[in-house]
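Chemist: Would you mind keeping the following structure in view while I ask a few things?
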Amino acid sequence: MAKAIVVTEKGASGRLLDIDEEEFFENTGGEHPVDLDVLYSSLNFKDGLALLGRPGVIREWPLVPGIDIVGRVTASASPRFEAGDLVVLNGDGIGEHRNGGFATKARVRPDALLHLPGGVSPAQAAAIGTAGFTAMLAVLALQDNGVTPESGEVLVTGAAGGVGSVAIALLAGRGYSVVASTGRVEEQGDYLRGLGAARVVDRGALGEPGRPLQSQAWAGAIDSVGSHTLANVLAQTSYGGTVVACGLAQGGDLPATVMPFILRSVTLTGANSVEAPLALRQRAWADLAAELDLAVLDSMTTTIGLHEVLDAAERILAGQVRGRTAVDLSL
Ligand SMILES: NC(=O)c1ccc[n+]([C@@H]2O[C@H](COP(=O)([O-])OP(=O)(O)OC[C@H]3O[C@@H](n4cnc5c(N)ncnc54)[C@H](OP(=O)(O)O)[C@@H]3O)[C@@H](O)[C@H]2O)c1
């Protein structure tokens, strides 16, 4: 038997249940299933939506939510893995239409499964999770589009959230001058400067409708907020700059004009953690292992047990969670 949070039907919230894993996972894992003891999962904004029955994340029921798994292989039909291997899986449909990480056992397909990179413990891999992986994808997108530390200031929106916190730490580690935009300046200003932000600004004005072109302020930006915020960020990006859209905490709309593109050669690109190909996953995790200051990672991480996940889901959707939340399956 395994302990699992299960969402049994459309619109329902998750419930902590005992499941017979052989029966529950009978048709999962594809042609080369890999069985795991789950050591850790993590809580992301998307997990909050899934756990509370909000539309748009889970597409098959019943399902174990949880878009991150850090585990130890117990059996493998894939030649890439053997019993005892420590592995990490972010996205690839888990927690959406494949069973995910909020359970003590998992059966996954190997396509996006990675060996844990050297130097990263299971707890640290969970603290990084999808949010940290996405932050690194966004940093790589800035790098690949030619935004360097010498280009000018880089803005991070949704700064005190999971993607934002890791993005600040990674950018600061690479020598960028990072400006953190948050709705919690008073409460989280010191925290954000501790992660490496050079300046902290209030998100208020960015979230309101703005002019199509504004003063040029940013060489690049990582945005996990969307909507008016992303439109204003584009309008404030300097000539030739790049903005990476990764999220929709404010909204999935983009009420912008073409002006930043046709008058300032701004590039708008995206980061997607779910479908990222294996080679990009390997590149991002190798860079995370090499660059992320583990003391800084610790300072942004709270660890909870499976029984605390549903309460934490309410808090992450209410914008009350700071940084990253790791879920320890042994608690
Ligand atoms: N593309 C991908 O593959 C991918 C991967 C991971 C996450 N995401 C998306 O990225 C976003 C952030 O994810 P996360 O896990 O980092 O979530 P999170 O920890 O909840 O962080 C989101 C942050 O956004 C800000 N925020 C919340 N509501 C807002 C609003 N109404 N207006 C403006 N800002 C608001 C808050 O930051 P402050 O308190 O600092 O203002 C909050 O901490 C989500 O939309 C998520 O779905 C996408």
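The values are calculated or read from the model by the stated rules, or taken from the named source; none is laboratory data. As the structure is a computational prediction, the values presented were derived from the model and not from experiment. Here the Cβ positions follow ideal geometry from the backbone for every residue, glycine too, while neighbour counts run over all protein chains shown. What goes into the accessible areas is simple: the full protein's heavy atoms, side chains included, and nothing from ligands, DNA or RNA. Shrake-Rupley method; radii C 1.70, N 1.55, O 1.52, S 1.80 Å.
Chemist: Round to a whole number: what % of the accessible area of segment 131-270 belongs to carbon and sulfur, probe 1.4 Å? Mind showing how you got there, number by number?
Modeler: Values: 2680 of 5320 Å².
Here it works out to 50 percent.
Chemist: Also: For a quick size check, give me the Cα extents of segment 131-270 along its three principal axes, largest first, whole Å.
Modeler: Result for segment 131-270: principal-axis Cα extents of 37, 29, 25 Å.
Chemist: So for the chain: antiparallel DSSP bridges make up what percent, rounded to the nearest 5?
Modeler: Numbers: 28 of 53 bridges.
Bridges in the chain are about 55 percent antiparallel.
Chemist: Tally Lys and Arg at +1 and Asp and Glu at -1 over the other residues with C-beta under 14 Å from the C-beta of residue 158: what net charge comes out? If you can, show how the numbers build up before the last one.
Modeler: Numbers: positive: 46, 184, 203, 322, 324; negative: 202, 223.
Net of charged neighbours comes to +3.
Chemist: Let me ask you something else. Please give me the summed charge of the neighbours of residue 108: other residues whose Cβ is under 11 Å from its Cβ, Lys and Arg +1, Asp and Glu -1. Could the numbers behind the result be given before it?
Modeler: On the way: positive: 98, 105, 107, 109; negative: 35, 92, 111.
Net of charged neighbours comes to +1.
Chemist: State the percentage of accessible surface on segment 50-115 attributable to carbon and sulfur atoms; use a 1.4 Å probe and exclude ligands, DNA and RNA. Please list the in-between numbers first.
Modeler: Details: 1120 of 2320 Å².
Exposed carbon and sulfur together represent 48 percent of the surface.
Chemist: Also, I was wondering about something else. Roughly what % of Cα-Cα distances in the chain sit above 37 Å, to the whole percent? Could the numbers behind the result be given before it?
Modeler: Numbers: 8559 of 54615 pairs.
Everything past 37 Å amounts to 16 percent.
Chemist: I would also like to ask the following. Express the relative contact order of segment 131-270 as a whole percentage, based on alpha carbon pairs under 8 Å and six or more residues apart in sequence. The partial results should precede the final answer.
Modeler: Details: 327 pairs, mean separation 31.8, N = 140.
Reported as a whole number, the value is 23 percent.
Chemist: Moving to a separate point now. Pick out which of 42, 13, 181 has the largest mean-square fluctuation in a Gaussian network model of the chain, springs linking Cα atoms closer than 10 Å.
Modeler: With Cα springs under 10 Å in the chain, the top fluctuation among 42, 13, 181 is at 13.
Chemist: Something else: What percent do you get for the relative contact order of the chain when only Cα pairs under 8 Å and 6+ apart count?
Modeler: Working: 823 pairs, mean separation 62.6, N = 331.
It rounds to 19 percent for the chain.
Chemist: Keeping all protein chains in place, calculate the accessible area per residue for the chain (probe 1.4 angstrom), answer in Å². Numbers along the way, then the final one.
Modeler: On the way: 13510 Å² over 331 residues.
I get 41 Å² per residue for this part.
Chemist: Between residue 266 and residues 5 or more places away or on another chain, which pairs have amide H atoms under 5 Å apart, with H built 1.01 Å from N, and which residues are they?
Modeler: 240, 261
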